[in-house]
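Just below is one structure, and these are the notes that go with it.
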Amino acid sequence: MPVQIAVAGKGGTGKTTLASLLTRYIIKEKPGRSILAVDADANANFNEALGIEVTSCISDILEETKDPRKVPTGMTKEMFVEYRLHSTLVETENIDLVVMGNPQGPGCYCYPSDLLRKHLERLRDNYDYVVIDNEAGLEHLSRRILSNIDVLLVTSDATARGVRSAGRV
């Protein structure tokens, strides 16, 4: 089982920065360990912080399936999504990365989150570490994108409100 680390907190408090620094720390201090980085934030920029180019994300696949002509003959929509999920994994020398992407509608992350959760359940045991950069707020925790999190790091600003919010996690 991998060590699973999630970063959560309010927007603009350094979640992505912390997740990328932690990932770089693991690379430096634990050479040869395999790392899966997960960008579970609709404002996806974990890849930029890690210096990794992303060409496809989970929400792109869902957008693609809206056009029935893009699903090959003989494949169900579900089979096509499953097949295409593998193309969302970006593999580099030190880190593999998967990005959830944008919501399917105004504020609706249900289906992309569910796909990400299922995809991670299949992938995670192939890695020593899984580092997740979550979106702002606490909703992602209730969606249980990743089960059995070993470490939850909560970021906050220095205000009383920020500290109270972090305490509710």
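Readers should treat all values here as calculations from the given coordinates under stated rules, not as data from a laboratory. Keep in mind it's a predicted model, so treat the numbers as computed, not measured. Please note: Cβ atoms are built from the backbone with ideal geometry, for glycine as well, and neighbour counts cover all protein chains shown.
Table for the structure above
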| quantity | calculated |
| --- | --- |
| GNM top mover of Arg84, Arg69, Arg124 - the chain, alpha-carbon springs below 10 Å | Arg69 |
| Per-residue ³J(HN,Hα) for the range 21-31, Karplus 6.51 cos²θ - 1.76 cosθ + 1.60, θ = phi - 60°, Hz, x for Gly and Pro | 5, 5, 4, 5, 4, 4, 4, 6, 8, 10, x |
| Top positive-direction residue, dipole computed over the range 3-168 with Cβ charges, set Leu153, Tyr127, Ala37 | Leu153 |
| Interchain or long-range residues, amide H under 5 Å from Val3's placed H | Tyr129, Val130 |
| Chain lengthening between Glu29 and Arg168 when straightened (0.36 nm per residue, less Cα-Cα) | 46.8 nm |
| Residue-wise HN-Hα coupling along the range 93-98, computed from phi with Karplus coefficients 6.51, -1.76, 1.60 (Hz; x: Gly, Pro) | 4, 10, 9, 10, 9, 10 |
| In sequence order, calculated HN-Hα J values of the range 13-20 (Karplus, 6.51, -1.76, 1.60; Hz; x Gly/Pro) | 9, x, 4, 5, 4, 4, 4, 6 |
| Cut-off 13 Å between beta-carbons: net charge of the residues surrounding Thr65, Lys and Arg +1, Asp and Glu -1 | -1 |
| Centroid-to-centroid separation of the range 72-86 and the range 8-70 [C-alpha atoms, Å] | 23 Å |
| Cα-centre dipole for the chain with unit charges at Cβ (Lys and Arg positive, Asp and Glu negative), debye to 20 | 500 debye |
| Highest-MSF residue in the chain out of Ala49, Ala37, Ala158 [GNM, Cα springs under 10 Å] | Ala158 |
| At q = 0.20 Å⁻¹, base-10 log of I(q)/I(0) for the range 3-168 (Debye sum, equal scatterers on each alpha carbon) | -1.34 |
| Set of lysines near Lys30 by C-alpha distance (under 30 Å), chain-local residues within fewer than 8 positions excluded | Lys10, Lys15, Lys118 |
